[in-house]
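Working notes, beginning with the structure itself.
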Amino acid sequence: MRHRKAGKKLGRSPAHRRALLRNLVTELLEREAVRTTDAKAKELKRWGDRLITLGKSGTLHARRRAAGLVQRASVVRKLFAELGPRYAARAGGYTRVVKLGTRLGDAAAISLVELVDRRGAGADEAGKKKKAPRRKAAAQDGDKQQPSRRRAAGG
């Protein structure tokens, strides 16, 4: 039983999973939006919310904890200079997961993880869903199709 075991395994070893989530959370804080699979998005939401909470506190200990997870010093500076003050009045829920559909290559469910107060939140990537491929004109015009050779030959 998995009692008191937080987080998903994501089919990876612990070191690989930690490296993956460190990279994803660094990109989320830098770009303020990341497209990834649903399972990774749900786990990334937890990590991102925790780091923004550290950014709100602004203490040296919080800065060192964040620097231990985030890959780039410039992102740590952004976390404490911009993101922490931006969410100071908010009690939680700094990120949202928007489901985008399925990936064309392997039909994996894709989501957008974004910070809630960013410019254009919710509309940027969600509105860019790919349209269904258009069928050929010959297949749409059923009455204009040529008769088959067998019927035309009378056999």
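Every read-out reported here was derived from the displayed coordinates using simple, explicitly stated rules and does not represent laboratory data. Here the structure is a predicted model, which means the values were calculated and not measured. Please note: Cβ atoms are built from the backbone with ideal geometry, for glycine as well, and neighbour counts cover all protein chains shown.
Tell me whether the stretch 30-48 contains one or more residues that are assigned to a helix (DSSP H, G or I) and under 14 Å from Asp117 (Cβ atoms). Give the derivation first.
To start, the set of residues in the stretch 30-48 that are assigned to a helix (DSSP H, G or I) comprises 30-31, 38-48.
This time we only want the ones that are under 14 Å from Asp117 (Cβ atoms), so: 48.
Yes, the stretch 30-48 contains at least one residue that is assigned to a helix (DSSP H, G or I) and under 14 Å from Asp117 (Cβ atoms).
Give the stretch 103-121 a look and list any residue that's more than 24 Å from Gly58 (Cβ to Cβ) and loosely packed, with under 12 Cβ neighbours inside 10 Å, or say none.
Leu104, Gly105, Asp106, Ala107, Gly120, listed by residue number.
Identify, from the list Gly68, Gly84, the residue that is assigned to a helix (DSSP H, G or I), closer than 19 Å to Arg119 by Cα, out of contact with any Cys (no Cβ under 8 Å at 6 or more places or on another chain) and among the small types (Gly, Ala, Ser).
Details: Gly68 fails: closer than 19 Å to Arg119 by Cα.
So the residue among Gly68, Gly84 that is assigned to a helix (DSSP H, G or I), closer than 19 Å to Arg119 by Cα, out of contact with any Cys (no Cβ under 8 Å at 6 or more places or on another chain) and among the small types (Gly, Ala, Ser) is Gly84.
Can you name every residue in the stretch 59-80 that is surrounded by 15 or more Cβ atoms within 10 Å (Cβ to Cβ) and more than 24 Å from the chain's Cα centre (by Cα)?
Passing the criteria: Ala62, Arg63.
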